[in-house]
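Single-structure report; data block below.
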């Protein structure tokens with residue numbers, strides 16, 4: 001008698017949970033035909049939960065334990081590629097995190113949910129039709145004269161939307177949509193104020209769908225500008241270097257025209273029917289670059305970053321898995337996790353930027369390293385672009401691991417800026433400083449404004465004042481949940497913790513001595529803005545920091561206004577240093593270089609050099625040399641002189657000697673080990689126990705445990721160890737022993753609630 005053996009299929013599923021390994025489920029017979037690697041499944045997890053996961057493996061190996069069946073196979077085709085899954089596995093291994101953490105970071109929310117995603121909407125405000133004339137506008141403004149807050153908010157709306165340019169019944173400039181959140185942020189008003197304007201029927205709210213794919217129109221490759229001789233030579237060298245090396249560094253000075261070289265390389269890749277990934281460190285930078293790329297590549301360009309709605313990111317993801325994906329993806333860090341089917345070129349612009357490193361939550365990956373690994377797995381080439389490469393990249397290029405191309409001339413025969421160092425310590429002693437401004441900086445700003453030129457002021461602290469202080473006893477308010485002082489935000493009228501986001505009321509009296517003499521100490525961007533508006537009342541001033549760029553369109557509005565010379569003076573944090581190109585900036589002021597230099601980190605000088613050189617590079621225009629005024633109390637430091645001279649080789653040579661002597665990258669790899677717990681004695685004891693274990697295996701390669709510079713965040717006490725590993729060690733064994741140490745500590749009943757995690761190659 002013949003019998004037919006029924007072989008049941010099983011699947012190993014990757015779930016978005018912070019646990020190691022895959023989870024096995026049985027596949028009901030009616031679903032077997034649909035079970036395929038890369039498809040999503042809905043599976044039970046625990047007693048009452050369900051999760052959406054990705055099938056990693058289909059097999060017939062019956063587990064030795066009872067398994068639950070798959071509830072639903074959600075896709076008709078895979079939604080991730082084998083290339084992606086390989087990259088995810090590498091990210092999990094290298095950065096020592098759970099595979100589920102990588103899945104959570106990679107997939108948009110709409111693909112991790114069992115429910116179908118819905119496009120998001122946001123509330124916009126429009127001018128009521130009856131006031132869309134010059135005469136009616138004056139009537140509306142007159143009715144608000146006695147309601148100061150409403151008048152200010154309404155005037156701000158008119159300026160933002162361009163209705164202030166109305167003449168008769170038409171506007172000189174195209175009217176711009178203004179979101180409710182943008183207006184709240186820019187006008188510094190309350191929701192109640194806007195509600196009053198709506199109730200008065202001056203403004204009309206409406207909903208706008210957010211999350212549209214790029215409709216950039218037809219590609220126009222004829223819009224590509226020809227390269228000048230210096231650019232052409234650099235382009236040829238890059239192409240030649242790609243014949244020998246998979247990764248090439250393009251070391252080009254600021255405003256040398258690196259973007260045009262990128263565009264020519266993209267065209268070359270598209271001619272070969274290859275896809276291109278173009279990574280930028282900040283979402284703000286995508287605004288300018290997108291416009292330039294769209295003029296050439298039209299709707300062949302896709303944009304992907306976290307400011308887009310979940311619906312939009314899902315749509316882009318699905319398009320990348322379709323038969324007609326984008327040929328060019330422009331995006332920030334997360335774009336490296338998108339699916340690619342024929343990747344040929346990866347461009348990482350401003351590769352030195354620390355924004356490429358994910359901090360929290362896991363995976364704490366570096367987009368540059370992930371992109372290089374993605375390209376290696378796809379057989380693609382990688383171009384790293386920077387005027388100030390990071391130390392590791394510079395070393396790899398100079399030792400022959402990467403190709404190296406230098407571009408020393410600025411585009412359009414622009415001269416490098418003149419950098420003048422201002423000794424603020426001497427000026428303060430002589431009482432010649434006006435707030436954060438030296439006399440030379442003030443006169444330079446005034447001259448630039450008189451000449452209808454623009455100014456950038458760089459202050460790497462947001463808020464009004466970094467802290468407030470009692471002048472009698474020295475008390476400063478601190479966060480209850482974090483080990484940091486609170487920053488005073490004048491516009492919001494509150495103290496804010498920049499670590500956990502908690503806000504506090506500004507005290508009237510000192511709780512220690514009862515004094516009312518509480519004053520702001522130091523200058524944040526908000527205070528600088530107030531001072532600039534006081535000194536230059538006729539100037540059009542804007543501020544670019546985290547507080548003013550929270551909304552979706554805020555970046556774009558600030559940058560477009562400055563580009564179109566609707567702003568005279570731009571004040572900002574490090575955002576203004578990151579690759580933005582403005583052709584009318586003649587003066588750049590670095591207000592306090594010491595705040596970057598005096599920082600307890602081995603990378604402090606590298607970051608300071610990079611930031612100062614990048615900010616300085618924003619100065620200058622065709623036919624006129626720009627001026628950079630670098631204010632510092634330590635003009636004698638060698639790094640200051642190297643910035644002034646533009647001596648990148650000298651700076652990196654000194655840095656390499658120091659790094660090798662003290663066992664730091666690029667000669668050593670660093671892994672930071674963090675332990676967190678609410679109870680300080682518990683986390684201290686756990687850190688000591690783990691430190692003892694690690695020193696048994698790694699010896700003097702382990703430093704600590706100790707308190708980090710910020711030892712408490714969100715009520716969690718933190719301890720830190722640093723593991724320095726010389727190049728050439730077996731990284732798989734390193735990871736094995738580090739995880740053993742972690743498991744040994746967590747298996748102790750005293751420490752089972754302690755959180756332990758690793759930060760590989762920290763910045």
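The values are calculated or read from the model by the stated rules, or taken from the named source; none is laboratory data. Predicted model, so just to flag it, every value in this text is computed and none were measured. Glycine gets a Cβ as well: all are built from the backbone with ideal geometry, and neighbour counts include every protein chain shown.
Here's the yes/no breakdown for (1) surrounded by fewer than 18 Cβ atoms within 10 Å (Cβ to Cβ); (2) modelled with pLDDT of 95 or more; (3) under 22 Å from residue 18 (Cα atoms):
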position: 46; (1), (2), (3): yes, no, yes
position: 49; (1), (2), (3): yes, no, yes
position: 55; (1), (2), (3): no, yes, yes
position: 61; (1), (2), (3): yes, no, no
position: 64; (1), (2), (3): yes, no, no
position: 68; (1), (2), (3): yes, no, yes
position: 77; (1), (2), (3): yes, no, no
position: 87; (1), (2), (3): no, yes, yes
position: 91; (1), (2), (3): no, yes, yes
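Residue-wise test of (1) part of a loop (DSSP other than H, G, I, E, B); (2) touching a residue at least 24 places away in the same chain (Cβ under 8 Å); (3) surrounded by fewer than 23 Cβ atoms within 10 Å (Cβ to Cβ).
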site	(1), (2), (3)
250	no, yes, no
256	yes, yes, no
270	no, yes, yes
278	no, yes, no
281	yes, yes, yes
> Out of (1) over 30 Å from residue 498 (Cβ atoms); (2) surrounded by fewer than 19 Cβ atoms within 10 Å (Cβ to Cβ), the odd one out for residue 662 is which?
Replying inline: (1)
> So which of 367, 387, 371, 311 ends up being modelled with pLDDT under 95, surrounded by 22 or more Cβ atoms within 10 Å (Cβ to Cβ) and in contact with a helix residue (DSSP H, G or I) (Cβ under 7 Å, 6 or more places away or on another chain)?
Replying inline: 387
>> Could you tell me how many of the residues in the range 236-248 are free of Cβ contacts under 8 Å to residues at least 40 places away in the same chain and assigned to a loop (DSSP other than H, G, I, E, B)?
In response: 1
>> Would you confirm whether or not the range 700-715 contains a residue that is assigned to a helix (DSSP H, G or I), over 28 Å from residue 598 (Cα atoms) and in contact (Cβ under 8 Å) with a residue 12 or more places away in the chain?
In response: no
> In the range 397-451, what residues are closer than 23 Å to residue 589 by Cα, assigned to a helix (DSSP H, G or I) and under 29 Å from the mean Cα position of the chain (by Cα)?
Replying inline: 411
> Of everything in the range 452-491 that's more than 18 Å from residue 519 (Cβ to Cβ) and surrounded by fewer than 18 Cβ atoms within 10 Å (Cβ to Cβ), which residue is farthest from the chain's Cα centre (by Cα)?
Replying inline: 452
>> Can you tell me which condition residue 559 does not meet? The list is (1) in contact with a strand residue (DSSP E or B) (Cβ under 6 Å, 6 or more places away or on another chain); (2) crowded, with 17+ Cβ neighbours inside 10 Å; (3) part of a helix (DSSP H, G or I), and all the others hold.
In response: (1)
>> Tell me yes or no: at least one residue of the range 172-181 is on the phi < 0 side of the Ramachandran plot, touching a residue at least 40 places away in the same chain (Cβ under 8 Å), part of a helix (DSSP H, G or I) and surrounded by 14 or more Cβ atoms within 10 Å (Cβ to Cβ).
In response: yes
> Does residue 435 fit the bill of being surrounded by fewer than 21 Cβ atoms within 10 Å (Cβ to Cβ) and within 30 Å of residue 226 (Cβ to Cβ)?
Replying inline: no
> Is it true that some residue in the range 386-394 is in contact with a strand residue (DSSP E or B) (Cβ under 7 Å, 6 or more places away or on another chain), over 25 Å from residue 320 (Cα atoms), assigned to a helix (DSSP H, G or I) and in contact (Cβ under 8 Å) with a residue 40 or more places away in the chain?
Replying inline: yes
>> Filter the range 588-605 down to the residues that are crowded, with 24+ Cβ neighbours inside 10 Å and at pLDDT 90 or above and list them by number.
In response: 588, 589, 590, 591
> Within the range 258-268, which residues are crowded, with 19+ Cβ neighbours inside 10 Å and farther than 29 Å from residue 415 by Cα?
Replying inline: none
> Among the residues of the range 344-364, which ones are closer than 26 Å to residue 274 by Cα, surrounded by 23 or more Cβ atoms within 10 Å (Cβ to Cβ) and more than 13 Å from the chain's Cα centre (by Cα)?
Replying inline: 345, 346, 347, 348
> Tell me, which strands (runs of 3 or more DSSP E) wholly within the range 295-361 include 2 or more residues that are in contact (Cβ under 8 Å) with a residue 60 or more places away in the chain?
Replying inline: 301-304, 343-349
> Which one of these is touching a strand residue (DSSP E or B) at 6+ places or on another chain (Cβ under 8 Å), in contact (Cβ under 8 Å) with a residue 12 or more places away in the chain and under 30 Å from residue 358 (Cβ atoms): 206, 262?
Replying inline: 262
